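What follows is calculated from the coordinates using simple rules that are stated; it is not laboratory data. If you're wondering where the values come from, they're calculated on a predicted model, not measured in any experiment. Virtual Cβ from ideal backbone geometry, glycine too; neighbours counted across all protein chains shown.
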Amino acid sequence: MQLLRAYSAEWLRAKRTPLLFLALGVPLIISIFSTPSPKHVNWDFLSNPSPGWTFFILPIGIVILGLLSAQLYSSNHMWKSTLIQPISRSTIYFAHLLFLCSIVLLGFIVLMIGQIIIGKILGLKGSFSFFRVISSFFLSYLASLPMIALQVWLGMRYKGITVPLTAGLGGWIFSTALSNQLPSFAMWHYPLFVTSQPAIFLPISLGLAFILILVGLISFIRMDVH
């Protein structure tokens, strides 16, 4: 299957970069050092992704991971060598999208396991529900899909880091400014809002992710490579 082979090639290319270290190491560090004293928190707090993760580390991390993964194509004329292969552009696009989704998901899993272990070690008060923890983390992950889709689109469409970086950082600043008055327009903070209001922010996140994926795919298919 072409998609599976292209997806496997993404992982092979990533071995030569710090992508996996960042995707796994950063959430592990966050889970260890962002846990407050057990006197001030209980399992209700650790059942959701760390606020520092969803508010800042995740959106900025997706920008960095998107830039690093996209640079694998833009460096050393990789686009030309990739596009001359007997494989459709849509397959290349979806393989790259799935790869970035996968490494972000790995980060969520590492953070979740880390928070659970820390909570058990600290002996936090309150009832622990593994199902609730998984649900909260998965909801937050799904709410991050629009950010991932945007970075894949811009990273594969434009050479260099200027456009993806500006969109990512500018979007985060814009979302922060709107997060109180117009949270529905604060896309970069959907992972923070969705755990408390899933009925509102999950449909918005999935719908926006679908639109961005479709727009990015069409843009990539029509792109000229020089």
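Here are some notes:
- Pairwise FRET efficiency - PHE21 versus LYS120, Cβ, R0 = 22 Å, nearest 0.05: 0.25
- Taking amide H atoms as placed 1.01 Å from N in the peptide plane, the amide H of GLN197 has no partner under 5 Å among residues 5 or more positions away or on other chains.
- In Hz, Karplus ³J(HN,Hα) per residue of region 93-106 (6.51, -1.76, 1.60; θ = phi - 60°; x = Gly, Pro): 5, 5, 5, 5, 4, 5, 5, 5, 4, 5, 6, 5, 4, 4
- Placing +1 on each Lys and Arg Cβ and -1 on each Asp and Glu Cβ, with no other charges, gives the chain a dipole about its Cα centre of roughly 360 debye.
- Matching label, Rg and Dmax of the Cα atoms in Å computed from the structure shown, candidates (i) 17.1, 52; (ii) 20.1, 66; (iii) 18.3, 60: (iii)
- Calculated from backbone phi, Karplus (6.51, -1.76, 1.60) coupling profile of region 20-30 in Hz, x at Gly/Pro: 5, 4, 5, 5, 9, x, 4, x, 5, 5, 4
- Relative to the longest principal axis of the Cα atoms of the chain, helix 2-14 runs at roughly 70 degrees.
- Using alpha-carbon coordinates, inclination of helix 58-74 to the longest axis of the chain, degrees: 20 degrees
- Rounded to the nearest 10 degrees, the angle from helix 162-178 to the longest Cα principal axis of the chain is 30 degrees.
- Available extension along the chain between TYR158 and LEU28 is 43.6 nm, counting 0.36 nm per residue and deducting the alpha carbon span.
- For the pair SER88 and MET1, label points projected 7 Å from Cα toward Cβ lie 1.4 nm apart.
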